[in-house]
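Only the coordinates and a few stated rules stand behind these numbers; no lab work does. What you see is a predicted model, and the numbers here were worked out from it, not measured in a lab. Cβ placement follows ideal geometry from the backbone for every residue including glycine, while neighbour counts extend to all protein chains displayed.
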Amino acid sequence: MYYYLGYSKTILSSAEKGDAKRDAYLDNAVKEHDVAVNILGKENEEAYILSALIANRRIAISSMMRSGQNAKVFRENLASA
């Protein structure tokens, strides 16, 4: 359930116009991701994909400022999935 909440919030962030609102959705998605991982006791493929998607959405908000750190997170999570 928490995975889907995180996924939904990540997708909803794309529909927002303001960067602050988009970041707020992504911050909430990270919290839902963390709850899901805590319940499972480990990362699984869905959690890795959600982390990659969140990083991708953060890059989309401000690619010049965020691509360095978030691109690495994106690549590592896709590789782990």
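Per DSSP H run of at least 4 residues, take -39500 (n - 2.57); add these up for the chain, divide by its residues and hand me the 222 nm value, nearest 500 deg cm²/dmol.
Calculated at 222 nm, the ellipticity per residue is -29500 deg cm²/dmol.
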Could you work out which residue, out of Ser13, Ser67, Ser51, moves most in a Gaussian network model of the chain, that is, has the largest mean-square fluctuation with Cα springs under 10 Å?
Ser67
Straight-line reach from Lys72: which aspartates and glutamates fall under 20 Å, measuring Cα to Cα and dropping same-chain residues less than 8 apart?
Asp23, Asp27, Asp34, Glu43, Glu45, Glu46
Residues in the stretch 19-47, backbone N under 20 Å from the label point at Ser8 (7 Å along the Cα-to-beta-carbon vector): list them, ranges by number please.
21-40, 46-47
Select from Tyr4, Gln69, Leu40 the residue farthest towards the positive end of the dipole of the chain; place +1 on Cβ of Lys and Arg, -1 on Cβ of Asp and Glu, and compute about the Cα centre.
Gln69
Could you tell me, in Å, what Rg and Dmax come out for the Cα atoms of the chain?
12.0, 35
Using Cα springs under 10 Å in a Gaussian network model of the chain, which residue among Ile54, Ile11, Ile39 shows the largest mean-square fluctuation?
Ile39
